[in-house]
Amino acid sequence: MSKIIEDLNWRYAVDQFDPSKKVSEENLNTILEAFRLVPSSYGLQPLKLLVIENPSLLSELLSVSYNQRQVVDCSHLLVICAYDEITEPIIEDLILLTSTAQDKSPESMERYSAFLKRTILAMKPDDMKQWNARQAYIALGHILHTCAQLRIDSTPMEGFQKDAYDELLGLTGHNLHSVVACPIGYRSDQDTQQHLPKVRKPLNELVDFYR
């Protein structure tokens, strides 16, 4: 069995974390770097990752997370947020970043810049917001697999009141909204979910080949 498949078989959505065990700074930085390297449409990275450890804030978030204890018992609560909209200055920042990283003159990228502005700024606000939010799930996949490789447990969560999260985390009015949460840490010995067989459909029901 390949290491990749071994990692994916190892992970599951933890129901009960051990609050006494904390993710090391080194491993947390690896997870953050994996987030930084996540692919996104046009490389715009319309995302922000919030790393929450403050106990008082976690307690407030628990009450708007349907009292799911993973929120307060984890080592760190990760909240992946997406931009409400992509503005012209955001596109211009990407062009400048690209020209610097790839040693290109901004002038040589004017046609590409115009293409991005023409394509993205023409989107309807709701379509743009949803498009940005979909990028968050690409990031979530990277985080889940990175955690599994590090043998750090994780629980992806959409079960929370997003408007309340946005208010508590100061996102409202700052071109950001919460999309998905992911508590990370280490499973409790008392979590019976870890002993259950993984339930997945067989491959022949999930994959079709066109050859």
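Read-outs throughout are calculated quantities, based only on the coordinates presented, and are distinct from any laboratory measurement. Note that the structure is a prediction, hence the values are computed from the model and not measured. Ideal geometry is used to build each Cβ from the backbone, glycine not excepted, and the neighbour counts take in all protein chains shown.
Among the residues of the range 54-67, those that are in contact with a strand residue (DSSP E or B) (Cβ under 8 Å, 6 or more places away or on another chain) and part of a helix (DSSP H, G or I) comprise Leu58, Leu61.
Residues of the range 74-93 that are touching a helix residue (DSSP H, G or I) at 6+ places or on another chain (Cβ under 7 Å), more than 18 Å from Ala136 (Cβ to Cβ) and surrounded by 18 or more Cβ atoms within 10 Å (Cβ to Cβ): Ile91 alone.
Close Cβ contacts (under 6 Å, 6 or more residues apart or on different chains) running from residues in the range 86-99 that are touching a residue at least 40 places away in the same chain (Cβ under 8 Å) and within 12 Å of Pro46 (Cα to Cα) to residues that are assigned to a helix (DSSP H, G or I) and not hydrophobic (A, V, I, L, M, F, W, C) comprise Ile91/Lys117. One residue stands out in the range 18-35 among those that are touching a residue at least 24 places away in the same chain (Cβ under 8 Å) and part of a helix (DSSP H, G or I): the one that is farthest from the chain's Cα centre (by Cα), namely Asn27. Contact annotation: residue pairs with Cβ atoms under 6 Å, 6 or more positions apart or on different chains, pairing a residue in the range 127-155 that is in contact (Cβ under 8 Å) with a residue 12 or more places away in the chain and crowded, with 21+ Cβ neighbours inside 10 Å with a partner that is assigned to a loop (DSSP other than H, G, I, E, B) and of a type in the set (Phe, Trp, Tyr), are Asp153/Tyr186. Annotation note: Cβ proximity below 9 Å between a residue of the range 192-210 that is surrounded by 10 or more Cβ atoms within 10 Å (Cβ to Cβ) and a residue that is among the basic types (Lys, Arg) (sequence gap 6+ or interchain) occurs for Gln193/Arg187; Gln194/Arg187.
If the condition is being surrounded by fewer than 17 Cβ atoms within 10 Å (Cβ to Cβ) and either closer than 20 Å to Leu49 by Cα or small (Gly, Ala, Ser) (or both), then the range 100-125 contributes Ala101, Ser105, Ser108, Ala114, Ala122. Within the range 156-191, the residues that satisfy the criterion of being touching a residue at least 24 places away in the same chain (Cβ under 8 Å) and loosely packed, with under 15 Cβ neighbours inside 10 Å are Gly159, Asp189, Gln190.
If you check Val71, Val51, Val38 for being crowded, with 17+ Cβ neighbours inside 10 Å, under 17 Å from the mean Cα position of the chain (by Cα) and either outside any loop (DSSP other than H, G, I, E, B) or among the hydroxyl-bearing types (Ser, Thr, Tyr) (or both), only one passes: Val71.
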